[in-house]
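The values are calculated or read from the model by the stated rules, or taken from the named source; none is laboratory data. Everything numeric here is computed off the predicted structure, so don't read it as measured data. FYI the Cβ positions are ideal-geometry reconstructions off the backbone, even for glycines, and counts take in every protein chain you see. Surface areas here come from the heavy atoms of the whole protein model, side chains and all, with no ligands, DNA or RNA. Shrake-Rupley method; radii C 1.70, N 1.55, O 1.52, S 1.80 Å.
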Amino acid sequence: MSKPISVLFVCMGNICRSPTAEGVFRHRVEAAGLAERFHIDSAGTHGYHVGEPPDARSMEYAAKRGYDLSAQRSRKVRAEDFAQFDHLLAMDHDNLKLLRAACPPEHRHKLGLMMAHASHSGSAVVPDPYYGGAKGFDLVLDYLEDAAEGLLSSLRK
């Protein structure tokens, strides 16, 4: 069997958006029967929450849609991630800029925005729901479900 396709989802603290992206994408991959073909993880550009589970609101709203984020723990992007992952997908322009600054030139082609894979959400970024209300967590899920479908479709080809 060939090497699994590896995808790293990245936001600032790795407690809201990127763990949700990991959970949604993992769910899609497993539902498609492709779990053995992928290595999926998430990380943050900042180490504020290393070792912590996702934000309770992220877990609550994800669980309402059938996604279990409870086993995930926050970690910071590591230098070796740029070599080890095939795709490093940021949730917004600020985090993409931080990834570009840290990424060796030979791996910059692996960097991108998660929402580049969305087909109908109409946003270039996944907004940070941390300081907002419940609607923000639902919106994040809406966007990530759309983008996860597009990402899986593009990687299955």
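Quick notes on this structure:
So that you can scan it fast, the table gives a plain yes or no per residue for (1) surrounded by fewer than 20 Cβ atoms within 10 Å (Cβ to Cβ); (2) of a type outside the set (Val, Ile, Thr):
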| site | (1), (2) |
| --- | --- |
| Leu8 | no, yes |
| Val24 | no, no |
| Ala32 | yes, yes |
| His39 | yes, yes |
| Gly44 | no, yes |
| Ala56 | yes, yes |
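- Pairs linking a residue in region 138-155 that is closer than 14 Å to Met91 by Cβ to a residue that is open to solvent by 20 Å² or more (accessible area, probe 1.4 Å) and aromatic (Phe, Trp, Tyr), with Cβ atoms under 7 Å and 6 or more positions apart or on different chains, are Leu141/Tyr61.
Matching residues to (1) of a type in the set (A, V, I, L, M, F, W, C); (2) in contact with a Lys or Arg (Cβ under 7 Å, 6 or more places away or on another chain); (3) without any contact (Cβ under 8 Å) to a residue 60 or more places away in the chain:
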{"site": "Ile5", "(1), (2), (3)": "yes, yes, no"}
{"site": "Pro19", "(1), (2), (3)": "no, no, yes"}
{"site": "Thr45", "(1), (2), (3)": "no, no, yes"}
{"site": "Glu60", "(1), (2), (3)": "no, no, no"}
{"site": "Arg65", "(1), (2), (3)": "no, no, no"}
{"site": "Asp81", "(1), (2), (3)": "no, no, no"}
{"site": "Phe85", "(1), (2), (3)": "yes, yes, no"}
{"site": "Leu88", "(1), (2), (3)": "yes, yes, no"}
{"site": "Leu98", "(1), (2), (3)": "yes, no, yes"}
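- Within region 79-99, not a single residue is basic (Lys, Arg) and open to solvent by less than 60 Å² (accessible area, probe 1.4 Å).
- Only a single criterion out of (1) modelled with pLDDT under 95; (2) within 15 Å of Ala21 (Cβ to Cβ) is not satisfied by Pro129, namely (1).
One line per residue, one yes/no per condition, for (1) within 19 Å of Asp146 (Cα to Cα); (2) at pLDDT 95 or above; (3) among the small types (Gly, Ala, Ser); (4) touching a strand residue (DSSP E or B) at 6+ places or on another chain (Cβ under 7 Å):
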residue	(1), (2), (3), (4)
Gly23	yes, yes, yes, no
Arg28	yes, yes, no, no
Gly44	no, yes, yes, yes
Asp55	no, yes, no, no
Ala62	yes, yes, yes, no
Glu80	no, yes, no, no
Leu98	no, yes, no, no
Cys103	no, yes, no, yes
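- Filter result for the condition that a residue is outside any loop (DSSP other than H, G, I, E, B), among the aliphatic types (A, V, I, L, M) and touching a helix residue (DSSP H, G or I) at 6+ places or on another chain (Cβ under 6 Å), over Ala43, Ala21: Ala21
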